[in-house]
Amino acid sequence: MYPAVIDNYDAPTSVQEALQAFANGGNSSFFVAGGQSLMQAIKARIISPKTLIDLQHVSELKGIQFANGAVRIGAMTRYRDIAADEGLDGAYQALRDAASHVGDRQVRNRGTIGGSLCWNYIAACMPPTCIGIGASIDLVSKKGKRTLLAEEFLRGPLETSRHDDEIVVAVTLPTPAKSSGSAYKKWGLVTDALPVAGVCAFIELDNDGRCQLARLAVGGLATGPRRAEAGEKALIGVSAIDASGISEAAGTAAASINTQSDMWADAEYRKTLIETLTREVVATAFVRAGRGKHS
Amino acid sequence: MNKEVSIKINGEVYRNSVPIRLLLVDFIRDVAGLTGTHVGCTFEGVCGACTVQLDGEAVKSCLMLAVQADGRSITTIEGLAVDGKLHPLQKAFNDHHALQCGFCSAGILMNMAEFVRTNRKLTEDEIRGALIGNLCRCTGYAHIVDAIKEVAGTPAQSA
């Protein structure tokens with residue numbers, strides 16, 4: 001596998017320069033983030049860019065910022081930096097769960113959250129995680145800025161709402177309620193493999209330790225990552241020690257999802273995976289939310 | 001089509017005009033002539049044999065273009081031993097017979113040299129988890145893990 005001829009390579013140092021490079025490059029211009037997926041596609045000649053615009057030197061796209069619990073993660077922030085950031089613990093810890101098991105060390109040294117969201121691979125971990133924790137995606141183009149919820153941004157596999165001339169600049173998360181927690185877990189054929197299924201749970205507790213808000217998001221689906229609203233509703237009023245309530249909600253969540261059969265798992269087995277993973281991430285999210293209550 | 005690059009490899013600067021589509025691994029092997037960095041999976045990015053350090057961090061050099069490494073510093077297996085003195089990992093690989101055909105060894109060493117630099121006691125699980133991006137088809141990994149275990153947690157490494 002080897003790339004087709006590439007006419008131009010630009011390495012801008014600001015978002016404005018990057019947008020201008022795209023405008024100059026015209027058709028068949030592509031932005032590259034960490035390149036851990038895109039370079040494979042370029043080498044396989046699934047994509048043959050005429051102009052490649054490398055975002056690696058755009059420092060305004062990098063880093064994690066906190067303000068009153070709200071979080072802004074630059075699109076070019078790498079998995080290794082997300083995996084290491086304890087500031088995300090509690091409400092947004094699912095991001096660390098997901099980032100610390102993407103690919104392998106080498107991939108995590110290069111791969112970015114923005115790149116993963118823009119590629120929206122069927123077996124990616126960032127898409128369901130960002131939907132689960134209620135993330136928003138900030139985009140910018142020469143025409144202006146806009147912000148979409150992750151679930152509006154992410155569509156079917158390899159599809160997003162991003163226009164070709166838009167750059168994802170950041171993933172933002174609102175100030176969470178004090179007693180909130182999240183978790184993500186995937187299941188693949190071997191350790192840290194691309195997930196056959198992955199589930200993210202976000203839980204917010206009331207003063208009595210009961211769930212007052214829940215979000216569940218599932219990845220590994222032919223339809224693209226999506227929420228399991230029926231499971232979310234079933235979690236309302238459930239407490240951490242209510243094992244049967246959690247199990248029931250997990251079953252409801254799995255039953256409500258349309259799963260596909262493919263070479264890794266048939267549809268029924270995928271439902272079983274989703275149910276089991278949901279039970280586990282909900283239990284973990286409850287524990288993390290409970291910790292927040294006492295802090 | 002072509003672009004001028006200046007890439008430091010093992011302390012030596014290579015200035016060349018290269019095709020934009022040239023992969024970093026091919027720059028290292030064919031332009032710099034450093035063939036210790038291997039190509040295993042023929043550029044799919046799954047085997048880890050082409051792992052080098054980019055400004056000290058392990059990356060797969062088949063998943064980058066040479067032009068993306070312009071102005072940056074690369075360390076390859078040829079740069080791991082300093083002044084003829086083997087890196088502790090290289091010595092441990094010798095002592096533990098941690099290689100058979102040796103094709104994957106350069107990539108594993110470049111990945112693990114960054115990993116053990118954290119200088120804390122690493123568990124076997126952590127070591128095995130860190131090796132996920134490097135395929136070895138000969139050893140079954142047992143001796144590789146033993147060798148890394150011996151070095152992990154010992155005083156700071158230079159590479």
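None of the figures in this text is laboratory data; all of them are computed from the coordinates on show. Just so it is clear, the model here is predicted, and its values are computed rather than measured. We place every Cβ from the backbone using ideal geometry, glycine too, and count neighbours over all the protein chains shown.
Only counting other Cβ atoms within 10 Å, I'd like A:ASP81, A:ASP165 sorted with the fewest neighbours first.
Working: A:ASP81 19, A:ASP165 15.
The order, fewest Cβ neighbours first, is A:ASP165, A:ASP81.
According to the calculation over all Cα-Cα pairs in region A:180-288, the P(r) per 10 Å bin from zero is 17, 51, 25, 7, 0 %.
Per the Kirkwood formula applied to alpha carbons, region A:59-173 shows a radius of gyration over Rh ratio, Rg over Rh, of 0.93.
Based on Cα contacts under 8 Å between residues 6+ apart, region A:245-286 shows a relative contact order of 46 percent. Summing +1 for each Lys or Arg and -1 for each Asp or Glu among the other residues whose beta-carbon sits under 12 angstrom from that of B:ASP146 gives -1.
What is the mean number of Cβ atoms from other protein chains located within 10 Å of the Cβ atom of each residue in peptide A:31-43, rounded to a whole number? Before the final figure, lay out each step's value.
Working: counts 0, 3, 0, 3, 7, 5, 2, 1, 9, 6, 0, 3, 8.
What the average comes to for A:31-43 is 4.
For the segment B:51-58, counting C-beta atoms of other chains within 10 Å of every residue's C-beta and taking the mean gives 3.
At 0.36 nm per residue, and after removing the present C-alpha to C-alpha distance, how many nm does the segment from A:LEU213 to A:THR147 gain when stretched out fully?
So the chain would gain 21.5 nm between A:LEU213 and A:THR147.
Placing +1 on each Lys and Arg Cβ and -1 on each Asp and Glu Cβ, with no other charges, gives region A:31-166 a dipole about its Cα centre of roughly 460 debye. Database remark: amide H of B:CYS104 closer than 5 angstrom to no amide H (H placed geometrically; neighbours at sequence offset of 5 or more, or on other chains; Pro and chain starts carry no H).
Fewest-first ordering of B:ARG137, A:ARG72 by other beta carbons within 10 Å of each residue's beta carbon gives B:ARG137, A:ARG72. Each Lys and Arg contributes +1 and each Asp and Glu -1, all at the Cβ; summed about the Cα centre of the protein assembly as shown, the dipole is approximately 240 debye. Annotation for B:GLU12 and A:ASN24: the two label points, set 7 Å from Cα along the Cα-Cβ direction, are 3.4 nm apart.
Partner lysines whose Cα lies under 30 Å from the Cα of A:LYS186, excluding those fewer than 8 positions away in the same chain, are identified as A:LYS43, A:LYS62, A:LYS178, A:LYS233, A:LYS271, A:LYS293, B:LYS60, B:LYS121, B:LYS149. Determine the shape class of region A:1-73: with a ≥ b ≥ c the square roots of the Cα gyration tensor eigenvalues, call it rounded for a/c under 1.5, and otherwise prolate if a/b is greater than b/c, oblate otherwise. It comes out oblate by the Cα gyration axes. The gain in end-to-end length when the A:ASP192 to A:ASN68 segment is fully stretched comes to 41.3 nm, 0.36 nm per residue minus the alpha carbon separation. Rounded to the nearest 20, the Cβ-based charge dipole of region B:3-159 about its Cα centre (Lys and Arg +1, Asp and Glu -1) stands at 80 debye. Each peptide in B:101-109, A:2-10 was scored by the mean count of other Cβ atoms within 10 Å over its residues; highest first, the order is B:101-109, A:2-10.
What is the Rg over Rh value, at two decimals, for region B:2-78, using alpha-carbon atoms and the Kirkwood definition of Rh?
Details: Rg = 11.0 Å, Rh = 12.0 Å.
Over the Cα atoms of region B:2-78, Rg/Rh equals 0.92.
Work out the mean other chain Cβ neighbour count within 10 Å for the residues of B:104-113 and drop it here as an integer. Partner Cβ neighbours, averaged per residue: 1. Taking Cβ atoms as reference points and 12 Å as the exclusive limit, the residues near B:GLY79 contribute a net charge of -2, counting Lys and Arg as +1 and Asp and Glu as -1.
Based on the alpha-carbon gyration tensor of region B:67-154 and its eigenvalue square roots a ≥ b ≥ c, which shape applies: rounded if a/c is under 1.5, prolate if not and a/b is larger than b/c, or oblate? Judged from the Cα gyration tensor, region B:67-154 comes out rounded (a/c under 1.5).
What order do you get for B:ARG128, B:ARG15, A:ARG226 when you list them from fewest to most C-beta neighbours inside 10 Å?
Working: B:ARG128 14, B:ARG15 8, A:ARG226 19.
The order, fewest Cβ neighbours first, is B:ARG15, B:ARG128, A:ARG226.
How much space per residue, in cubic angstrom, does the convex hull of the C-alpha atoms of chain A take up? Write down the numbers at each step before the final one.
Values: hull volume 35.5 nm³, N = 295.
Output value, Cα hull per residue: 120 Å³.
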